[in-house]
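The values are calculated or read from the model by the stated rules, or taken from the named source; none is laboratory data. Worth saying up front: this structure is predicted, and the values here are computed from it rather than measured. Here the Cβ is made from the backbone with ideal geometry for all residues, glycine too, and neighbour counts use every protein chain on show. Quick note on the areas: whole protein, heavy atoms, side chains included, nothing else; ligands and nucleic acids left out. Shrake-Rupley method; radii C 1.70, N 1.55, O 1.52, S 1.80 Å.
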Amino acid sequence: MSLVTAKRRPASAPGGPRAGGAWFLVLPALIPILLLSVGPLLYGILLAFTDSQSGRTQPTQWIGGLNFRDLLHDTLFWESFRIGLVWAVGVTVPQFLLALGLALLLNQDLRLRWLARALAIVPWAMPEVVVGVMWRLVYNPDAGILNETLRDLGLGDGRDWLSGLATALPAVIVVGVWAGMPTTTVALLAGLQNTPRELHEAAAMDGAGAWRRFWTVTWPALRPVALAITALNFIWNFNSFALVYVLTGGGPGGRTRLPMLFAYEEAFRYGQFGYAAAMGCVMVALISILLALFLVGRLRGGEET
């Protein structure tokens with residue numbers, strides 16, 4: 001009686017054919033990232049250590065950290081950074097709170113809920129330039145709908161919201177909240193729909209009210225989504241450019257000059273490419289540190305609770 005011995009195939013080594021095939025499959029997605037993201041990022045970092053300027057006849061020279069030294073003493077840049085933080089926090093916090101309320105509402109069994117959900121994402125579908133032009137018409141001092149409404153209600157003759165030193169930044173923040181709220185709403189609504197209804201029903205049977213059910217059932221399940229979308233919103237809002245550029249162009253008197261606008265002016269208005277690149281490097285580093293502290297604090301708070 002002959003015995004047939006089955007031979008096992010040797011497992012593929014980590015660098016074997018399978019690994020090569022995996023890299024081949026990843027390449028179509030990896031190449032655009034390298035060309036459009038990593039490449040420009042590395043070039044920008046390199047540019048920050050040079051004296052690159054527009055219109056120069058002499059070749060660009062390596063100057064080390066001189067741009068960063070000058071940046072440390074640039075009060076206009078740090079003022080724009082402060083305005084950027086005020087803008088980012090002022091947009092992100094109300095954006096999250098309003099989106100959370102809207103997501104809780106849209107998660108209920110309401111009539112025409114599909115229509116309400118469709119209308120809620122309309123601002124998301126509009127380009128930032130279109131949003132900026134539309135809100136400029138709303139804030140128009142002569143024929144804007146806001147001032148016309150205030151006049152009809154007898155609340156004054158209206159004002160130039162985007163040109164006033166005290167009202168420009170709050171007016172722009174309102175637009176930022178309105179334009180970015182749909183993204184947060186969709187993310188939070190997806191998190192709410194992944195929360196098992198059985199947990200809500202069990203809590204209701206135990207006598208828990210709506211507020212207690214939110215804190216004991218809904219919020220723990222929604223917390224990871226809320227943490228992620230808040231961090232992303234803060235980065236997106238701090239790096240805003242088009243919306244504020246269309247609304248105010250950084251004015252009046254620099255009251256809405258966000259860091260991205262300031263870097264844009266240095267690069268394309270004054271031709272200081274190296275100095276503007278140094279600004280970008282500093283902004284990336286500082287925002288990364290602030291974001292890391294925020295995430296560590298929130299994660300530690302979640303572990304304690």
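A single member of Arg117, Arg111, Arg82 is open to solvent by 30 Å² or more (accessible area, probe 1.4 Å), basic (Lys, Arg) and not in a helix (DSSP H, G or I), and it is Arg111. Every listed requirement among (1) surrounded by 14 or more Cβ atoms within 10 Å (Cβ to Cβ); (2) aliphatic (A, V, I, L, M); (3) under 17 Å from the mean Cα position of the chain (by Cα) is met by Ile289 save one, (1). Is there a residue in segment 34-41 that is assigned to a helix (DSSP H, G or I), over 30 Å from Ala277 (Cα atoms) and either at pLDDT below 80 or out of contact with any Pro (no Cβ under 7 Å at 6 or more places or on another chain) (or both)? The answer is no, given that none of the residues of segment 34-41 is assigned to a helix (DSSP H, G or I), over 30 Å from Ala277 (Cα atoms) and either at pLDDT below 80 or out of contact with any Pro (no Cβ under 7 Å at 6 or more places or on another chain) (or both). Here is the figure for segment 268-282: residues that are surrounded by fewer than 21 Cβ atoms within 10 Å (Cβ to Cβ), under 24 Å from the mean Cα position of the chain (by Cα) and closer than 27 Å to Ser163 by Cα total 1. Does Val130 satisfy the condition of being under 22 Å from the mean Cα position of the chain (by Cα), farther than 18 Å from Val91 by Cβ and surrounded by fewer than 11 Cβ atoms within 10 Å (Cβ to Cβ)? No: the conditions fail for Val130. Within the span defined as segment 162-179, every residue fails to be modelled with pLDDT under 85 and surrounded by fewer than 13 Cβ atoms within 10 Å (Cβ to Cβ). Residues in segment 140-159 that are open to solvent by less than 50 Å² (accessible area, probe 1.4 Å) and among the small types (Gly, Ala, Ser): 3 in all.
Of the residues screened, Val93 is one that is open to solvent by 70 Å² or more (accessible area, probe 1.4 Å), under 27 Å from the mean Cα position of the chain (by Cα) and at negative phi. All of Trp135, Trp124 fail the test of being open to solvent by 70 Å² or more (accessible area, probe 1.4 Å), in contact with a helix residue (DSSP H, G or I) (Cβ under 6 Å, 6 or more places away or on another chain) and more than 30 Å from Leu46 (Cβ to Cβ), apart from Trp124.
Can you work out which of the residues in segment 58-75 that are surrounded by 14 or more Cβ atoms within 10 Å (Cβ to Cβ) and without any contact (Cβ under 8 Å) to a residue 24 or more places away in the chain is farthest from Ala277 (Cα to Cα)? Filtering first and then ranking leaves Asp74. Of the listed requirements (1) more than 30 Å from the chain's Cα centre (by Cα); (2) part of a loop (DSSP other than H, G, I, E, B); (3) over 23 Å from Pro182 (Cα atoms); (4) among the aliphatic types (A, V, I, L, M), Leu150 misses just one: (2).
Among residues of segment 120-147 that are free of Cβ contacts under 8 Å to residues at least 24 places away in the same chain and more than 20 Å from Pro182 (Cα to Cα), those with a Cβ under 6 angstrom from a residue that is open to solvent by 50 Å² or more (accessible area, probe 1.4 Å) and in a loop (DSSP other than H, G, I, E, B), sequence gap 6+ or separate chain, pair up as Pro141/Asp160. For Leu188, are the conditions met, namely being modelled with pLDDT under 90 and either under 30 Å from Pro220 (Cα atoms) or outside any helix (DSSP H, G or I) (or both)? For Leu188, the condition - modelled with pLDDT under 90 and either under 30 Å from Pro220 (Cα atoms) or outside any helix (DSSP H, G or I) (or both) - is not met.
Restricting Gly156, Gly101 to residues that are assigned to a loop (DSSP other than H, G, I, E, B) and either more than 30 Å from Glu265 (Cα to Cα) or in contact with a Lys or Arg (Cβ under 6 Å, 6 or more places away or on another chain) (or both) narrows the list to Gly156.
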